[in-house]
1. Under a 10 Å cutoff between Cα atoms, tell me which one of A:Asn28, A:Asn123, A:Asn189 has the largest fluctuation in the Gaussian network model of chain A.
2. With +1 assigned to the C-beta of every Lys and Arg and -1 to the C-beta of every Asp and Glu, and no other charges, what is the dipole magnitude of segment A:88-281 about the Cα centre in debye, to the nearest 20?
3. Round to the nearest 10 and give me the degree value, 0 to 90, for the angle of helix D:99-109's Cα axis relative to the longest principal axis of chain D.
4. Quick one: if the Förster radius is 56 Å, what FRET efficiency do C:Lys199 and D:Ile136 give, using the C-beta to C-beta distance and rounding to 0.05?
5. For peptide B:230-237, what's the mean number of Cβ atoms from other chains within 10 Å of each residue's Cβ?
6. C:Ala177 versus A:Ser145, label points 7 Å from Cα toward the beta carbon: distance in nm?
7. I want the local charge near C:Phe6. Using Cβ-Cβ distances under 15 Å, sum +1 for each Lys or Arg and -1 for each Asp or Glu among the other residues.
8. Among the lysines, which have Cα under 22 Å from the Cα of B:Lys253 when same-chain residues fewer than 8 positions away are ignored?
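Read the figures in this text as sums done on the coordinates, not as results from a lab. Predicted model, so just to flag it, every value in this text is computed and none were measured. We place every Cβ from the backbone using ideal geometry, glycine too, and count neighbours over all the protein chains shown.
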There are 4 protein chains.
Amino acid sequence: METAVFLIQCRDKRGIVAKVSEFIFRYNGNIIHSDQHTTDPENGQFFMRVEFCFDPEFVPCRHLEDEFAILAKSFNAQWQIHYTARRLRMGILFSKQDHCLVDILYQWKSGELMVDIPFIISNHDSLHDCVDQYKIPFHYLPVSSETKKNQERELLSIVKESTDFLVLARYMQVLTAEFINDYNKPIINIHHSFLPSFKGANPYRQAYERGVKVIGATAHYITGELDEGPIIEQTVDRVTHKENADAMMRKGKKLEQISLTNAIRAHSEFRVLRFENKTIVFN
Amino acid sequence: METAVFLIQCRDKRGIVAKVSEFIFRYNGNIIHSDQHTTDPENGQFFMRVEFCFDPEFVPCRHLEDEFAILAKSFNAQWQIHYTARRLRMGILFSKQDHCLVDILYQWKSGELMVDIPFIISNHDSLHDCVDQYKIPFHYLPVSSETKKNQERELLSIVKESTDFLVLARYMQVLTAEFINDYNKPIINIHHSFLPSFKGANPYRQAYERGVKVIGATAHYITGELDEGPIIEQTVDRVTHKENADAMMRKGKKLEQISLTNAIRAHSEFRVLRFENKTIVFN
Amino acid sequence: METAVFLIQCRDKRGIVAKVSEFIFRYNGNIIHSDQHTTDPENGQFFMRVEFCFDPEFVPCRHLEDEFAILAKSFNAQWQIHYTARRLRMGILFSKQDHCLVDILYQWKSGELMVDIPFIISNHDSLHDCVDQYKIPFHYLPVSSETKKNQERELLSIVKESTDFLVLARYMQVLTAEFINDYNKPIINIHHSFLPSFKGANPYRQAYERGVKVIGATAHYITGELDEGPIIEQTVDRVTHKENADAMMRKGKKLEQISLTNAIRAHSEFRVLRFENKTIVFN
Amino acid sequence: METAVFLIQCRDKRGIVAKVSEFIFRYNGNIIHSDQHTTDPENGQFFMRVEFCFDPEFVPCRHLEDEFAILAKSFNAQWQIHYTARRLRMGILFSKQDHCLVDILYQWKSGELMVDIPFIISNHDSLHDCVDQYKIPFHYLPVSSETKKNQERELLSIVKESTDFLVLARYMQVLTAEFINDYNKPIINIHHSFLPSFKGANPYRQAYERGVKVIGATAHYITGELDEGPIIEQTVDRVTHKENADAMMRKGKKLEQISLTNAIRAHSEFRVLRFENKTIVFN
């Protein structure tokens, strides 16, 4: 038995749930979880995630996919299939601060993030004992304004074929639109503020200057526009006048860890659909 | 067009989602929301809520129900159907403290709780200006240890036929197992603690004595055992050493309001299933 | 015995706490709560709130104030004294939506907001049964772009002498810099977003369009710049893709109530100091 | 210049704040933070934390302490002085699960927990790569019901003189009243539930069985009675019917980390006073 997930989106239409579930039933599959969301009863957008198990000896994956393609075409849907046993390959980029990286690696090793990690890339070569122990290949790709183009080309050559998505675990370089376009797969970033507040540099300093009473962290997909991509997860905590920018930063690290690992978990369990500049996150 | 909700629960079995969605499709219905939960892939319990619109001219409700009964029998399911346009009738009981009542009535009047309120019952006759304005019939049913039996009999005669469920909005009388049994419909209670902590009387005092750093409120269905029924909603907030039992009570009132109105909303939108001593709350 | 609060702010200097507490002790006062905050050990800003009881027969208020003025001058402090028994007079303005108003009035009547409310003002004359019961004078001051100047002049003539601060409980008019300047006392506003995100009109719509996963409400003092004044309180809650702008609005109402009444409570208990564009809120 | 903290508790009495702050001023000290709490204006209990810097060349620590002892006696206070530069020595005990340990060590290495860690003790000798890198001595002290007495004796001989407090970072052995008594210094435990709910074994299983909608973790001081000591910190998060006991455990790990490191931070910065079975935590 194998477990798979269909992610489906299209204009809403009568009968899609019936057709999809009947399809699975026809191939002897059993639905484990099924979640569906329609933005609007009239003329809305339809989103569906269905997780099911099936016997690949009874119906080969290839056949399942071909048949589903025909069905999906009948209601003009975009769709993906993911097989739970085939883990996504996640490339990690970070700069100096390693709190997100450390949390990702610890959870990964504890079996709580179902991904493969082919390598870790940094534009700094600081020692990271806590990383070394995991025996994951490490690439040091320094970057300056002059070398940025070359560095991104090298980066692309490393990640393009070997990863299914990238995670920017406090990678303090803005990726160019060109890179994002060439990579053409999901890139998850953690921004250390409650977006859309405090885009750009030094968000804790900005938050402190504004005198907010709640701070946050935001995990989102990267698009060409800085800190503007679809939000996957946000986490917040209260602060008081006693907390200066440094204290907010310390408290915020925990929020960044939580937002980013939750986003990675959702993405790697095929729970996220993107539509316009938003996400549907099925729990 | 009419909107209806099926709530279904049974042992898990291959094909239920397909059959239910195919059933709706066959009668020209359109699924608006569908949510399904299985406790365990192997040998688990299956729960489903499906909200759909259909044309009662095309298929009369009675026919829909009869046909569905046959289908449901085929997989041995318990099921209910609710028509969104037919609002549940909610009887409210309270004693002296009116903060939950006030919040319910305000939200109800603002169109945010889709129920009918045939009357309000109290064992106290304090003036409640804020209630009077809503022009809802008020019954004063005083109770003492000697009169409890009679009072409950009178209560039952009022609520038995005229309500679909009861809400105890800080009703400080323990209903007898006999009453609960005779009424035989859902009763939602708000307990002013984070259950199972601090059952019984004076939970804020208990919380203060124990020195907790977080307080809560719990909305739950009533069973024969005090404060032990299935939990629908819990809401919490932080407290510090500066807050004594009175300050906790003040902060807790807001938590009680939120928990209770959320629970009423979930129940009246047919989002709650009960299984053993727990609830499945579909959002 | 009377209870009073000193609020003090100045450049930090050795010995201020000692001098203030010695001053109170000298006049037979007893400190109930004392809270002090310094922004920075070196060259910082000093803030202090001290609540104490004293016997006005032993030392008349006037004398206490004259003597404290001399002390405060010695360390160049700005200071205020408030006598707990003399409640602040709070003028309330609102437009159509009454959820904040209803919550304020209920809490006020329950003895949880220690203010006097001389009147309620609205630019709409919708019926508000829930308000009527409180028997608070109501002023209807309609406003259009042509009449704005006159309306503000009338508003000012009503509130200038009769109130100590104003609360904008969803008052959907932007007060002019001139009015704010002429009134020259604190004005608390509730903005229905997590500032600085989503300033201006329709913040829930903006939040929905941006696809945030957490929404909020912000109570802040008004300055000349729209939605830019010092933040007193922020409250947040999670949302999902299932919640559209209307659902966010419904959930947000509760957040607005909580933020605004907490801010009013803090202000009316003399717990808030302003410095630059921030607040120090002593709990 | 040195920084120190006074922690003071006694029956409330007029003039204590004045005397303490005047004392510091007399010795040329400057108060950085001062926080005071009185349980009750009449006949209450007084608690104070005052952090100040002073010049030990001007007044030697020994002299400061001797003089303060005389002052404290005059109002019958219990008191402690802590010098910020002298870090507390924290012994860590854990069993198999290392998520709390990993978080403590990471934060400690990042300079966010100002303690010394003389050693780590476990009753299991599983490999813990993430620990090894920190080069902290590790003691393996296996324990069975027969050897418990001896193991505790050995434990005591290791920790008694070399630590100022102990942290049970998921140490799954119940320490005997005798050990607690002989050690006679603070012991902080993390319990993986929202106490007083779900004491004892398998709290996530208990929480799942009870069907709660919010789970929590509690950091508390240990007393002779299991899971009954004074609570320092509690952290909570929402759960739904979709989360089984394992999912709750995974989510709970983060809560345990947050509660425990916050409690260690508060304790090691001398922010916690104990009174009866509660804590005063100055922030």
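1. Result for chain A, Cα springs under 10 Å: A:Asn28 fluctuates most.
2. 540 debye
3. Helix D:99-109 and the main axis of chain D meet at about 40 degrees.
4. Efficiency computed from Cβ-Cβ geometry: 0.65.
5. Mean partner shielding for this stretch: 4.
6. 3.6 nm
7. Net of charged neighbours comes to -2.
8. B:Lys96, B:Lys109, B:Lys199, B:Lys213, B:Lys242, C:Lys109, C:Lys251, C:Lys253, C:Lys254, D:Lys213
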